[in-house]
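In what follows, a single structure is set out as structure tokens and then discussed.
The values are calculated or read from the model by the stated rules, or taken from the named source; none is laboratory data. These numbers were taken from a predicted model, which means no experiment stands behind them. No Cβ is skipped: glycine too gets one built from the backbone with ideal geometry, and neighbour counts run over all protein chains shown.
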């Protein structure tokens, strides 16, 4: 599975070099990356390249680090205004630590983004600390981290992307930021150890077609807008059955 995900990441890298993005639009309230013409940087040029944010650079390789990272830009929702911010996105991880601390900055530049499928299938990881500087977490970033038991999402993150915590079977505690706006499809797919979660009142969009909490069969206390919900058994026209939070919770996000 990890080989497949690395292949997908390499394809994404190719698209990056060709100038493509394919990232979500602001209609989803998802901070998205703004990429310009790109240039490869060798490891010995890392410090100068990262420090000079005026230079259009995609990939920055660090030879004495568990991470590969790149300089990037995001458009984010700040209060009621859209603003562009610049910083570092970590997009590949090669470490073997059980307890991972994501740096708040690299060479003095803030780390703002966690790449898609960054820690996917890293079953050895039991703890990940995300710095308050992070504003964007890519889809599937923690997919299959079956050893992860708890996590806290920093206040700058407004969007939980698809499959962010999918198949995190031992994830029992999740703290979501108060200014979170969206939780999308399969964000917590099959998090069977999750029993309780507080959904911030500011959340205004859920993915109803493929529920955010699909397969969370033990989730008996989801608190949202002063009301507590528990999972119910869903069934489609083909007779397929699965557990998810009830439809009235997902609909409540629109009112």
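Looking only at region 76-102, which residues are surrounded by fewer than 17 Cβ atoms within 10 Å (Cβ to Cβ) and either without any contact (Cβ under 8 Å) to a residue 24 or more places away in the chain or in a loop (DSSP other than H, G, I, E, B) (or both)?
Those that are surrounded by fewer than 17 Cβ atoms within 10 Å (Cβ to Cβ) and either without any contact (Cβ under 8 Å) to a residue 24 or more places away in the chain or in a loop (DSSP other than H, G, I, E, B) (or both): 78, 79, 80, 81, 83, 94, 95, 96, 97, 98.
What residue, among those in region 216-255 that are out of contact with any strand residue (DSSP E or B) (no Cβ under 9 Å at 6 or more places or on another chain) and part of a loop (DSSP other than H, G, I, E, B), is nearest to residue 175 (Cα to Cα)?
Of everything passing the filter in region 216-255, 226 is nearest to residue 175 (Cα to Cα).
Before we move on, is residue 132 over 23 Å from residue 84 (Cα atoms), surrounded by fewer than 23 Cβ atoms within 10 Å (Cβ to Cβ) and touching a residue at least 12 places away in the same chain (Cβ under 8 Å)?
no
Output the residues belonging to region 149-162 that are modelled with pLDDT of 95 or more and either within 11 Å of the chain's Cα centre (by Cα) or in a loop (DSSP other than H, G, I, E, B) (or both).
149, 153, 154, listed by residue number.
Report whether or not residue 121 is closer than 30 Å to residue 96 by Cβ, in contact with a helix residue (DSSP H, G or I) (Cβ under 9 Å, 6 or more places away or on another chain), surrounded by fewer than 22 Cβ atoms within 10 Å (Cβ to Cβ) and modelled with pLDDT of 90 or more.
Considered against the rule, which asks whether it is closer than 30 Å to residue 96 by Cβ, in contact with a helix residue (DSSP H, G or I) (Cβ under 9 Å, 6 or more places away or on another chain), surrounded by fewer than 22 Cβ atoms within 10 Å (Cβ to Cβ) and modelled with pLDDT of 90 or more, residue 121 comes out as yes.
From the residues in region 198-214 that are touching a strand residue (DSSP E or B) at 6+ places or on another chain (Cβ under 7 Å) and surrounded by fewer than 20 Cβ atoms within 10 Å (Cβ to Cβ), which one is farthest from residue 128 (Cα to Cα)?
Among those residues, the one meeting the criterion is 205.
One line per residue, one yes/no per condition, for (1) at pLDDT 90 or above; (2) within 23 Å of residue 241 (Cα to Cα):
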position: 165; (1), (2): yes, yes
position: 174; (1), (2): yes, no
position: 185; (1), (2): no, yes
position: 192; (1), (2): yes, yes
position: 202; (1), (2): no, no
position: 213; (1), (2): yes, yes
position: 227; (1), (2): yes, no
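Report the residue count in region 169-183 for those that are farther than 24 Å from residue 125 by Cα and either crowded, with 16+ Cβ neighbours inside 10 Å or in contact with a helix residue (DSSP H, G or I) (Cβ under 6 Å, 6 or more places away or on another chain) (or both).
Count: 3.
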